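The values are calculated or read from the model by the stated rules, or taken from the named source; none is laboratory data. What you see is a predicted model, and the numbers here were worked out from it, not measured in a lab. All Cβ positions, even for glycine, are placed from backbone atoms using ideal geometry, and neighbour counts span all protein chains on display. Heads up: the accessible areas ignore ligands, DNA and RNA and are worked out on the full protein's heavy atoms, side chains in. Shrake-Rupley method; radii C 1.70, N 1.55, O 1.52, S 1.80 Å.
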Amino acid sequence: DETLNLPYDIPANEYLCLSGEQFSKSRCIAIWVPSILKEFDADAIRYYLSINMPENKDSNWLWNDFVAKNNDELVGTYGNFIHRVITFTAKNFGENPKRGKLQEIDEEVLEKIQETSCEVSNSLEKCNFKKGLRTAMNLAQIGNVYFDKTQPWNLIKTDKERCKTVLNICLRIVQALGVFMAPYLPFSSEKICKTLGYNQQLKKWEDATRELKEGT
């Protein structure tokens, strides 16, 4: 039947183990979903499962590694960037600011958003989920570096218009991350979109590179 969309790529993973042992319901070597959801945010669990996925070889769910990756990566890199950008913008402007003339460092970041969009999209299409997640997380780290280099906490005192542009670029990164991370962290991505002033989660991949909704 030519109307059927037949499989064109069938990915297969290796095994995920629990501290070196195979999961076994009969031996109670397991992590029960209802129980873990009472203790941890769903996106924290999804992040660790995605970044630790046994795509090419067996991997282990290790509790100390789960805590470390949550604290160092998900909170320390991703969450930290989004939090510092949004809180600083809200405190000093109360809305998404309009950007002015771009400098070279700004254009480089915008170009990096475009590159990340292509790389993450290609990784997801090829079922290279860990690579896609790492690429998206790298953009968050680039955002942290950009924030530190441009120093908006000084610009707000010396050049308010330049500060608006810097924060506009930072929020463009936040917006892009809300799209790139949606397959991995859907609940957090929805919060990001609402925080940026959108009524619903950004639905199209092209939304990652769209102009920022200013003034909300």
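A single member of L49, L37 is part of a helix (DSSP H, G or I), more than 23 Å from C127 (Cβ to Cβ), open to solvent by 30 Å² or more (accessible area, probe 1.4 Å) and out of contact with any strand residue (DSSP E or B) (no Cβ under 7 Å at 6 or more places or on another chain), and it is L37.
Which residues, taken from region 153-171, are assigned to a helix (DSSP H, G or I) and surrounded by fewer than 23 Cβ atoms within 10 Å (Cβ to Cβ)? Correct list: W153, N154, L155, I156, K157, T158, K160, E161, R162, K164, T165, N168. Restricted to region 14-62, and to residues there that are among the polar types (S, T, N, Q) and within 27 Å of E190 (Cβ to Cβ), the residue that is farthest from the chain's Cα centre (by Cα) is S35.
Here C127 passes the criteria (1) assigned to a helix (DSSP H, G or I); (2) touching a residue at least 24 places away in the same chain (Cβ under 8 Å) except the one numbered (1).
Of all residues in region 25-34, those that are open to solvent by less than 90 Å² (accessible area, probe 1.4 Å) and more than 26 Å from A182 (Cβ to Cβ) total 2.
Without any contact (Cβ under 8 Å) to a residue 12 or more places away in the chain, open to solvent by less than 90 Å² (accessible area, probe 1.4 Å) and part of a helix (DSSP H, G or I): is that true of A44 in this structure?
no
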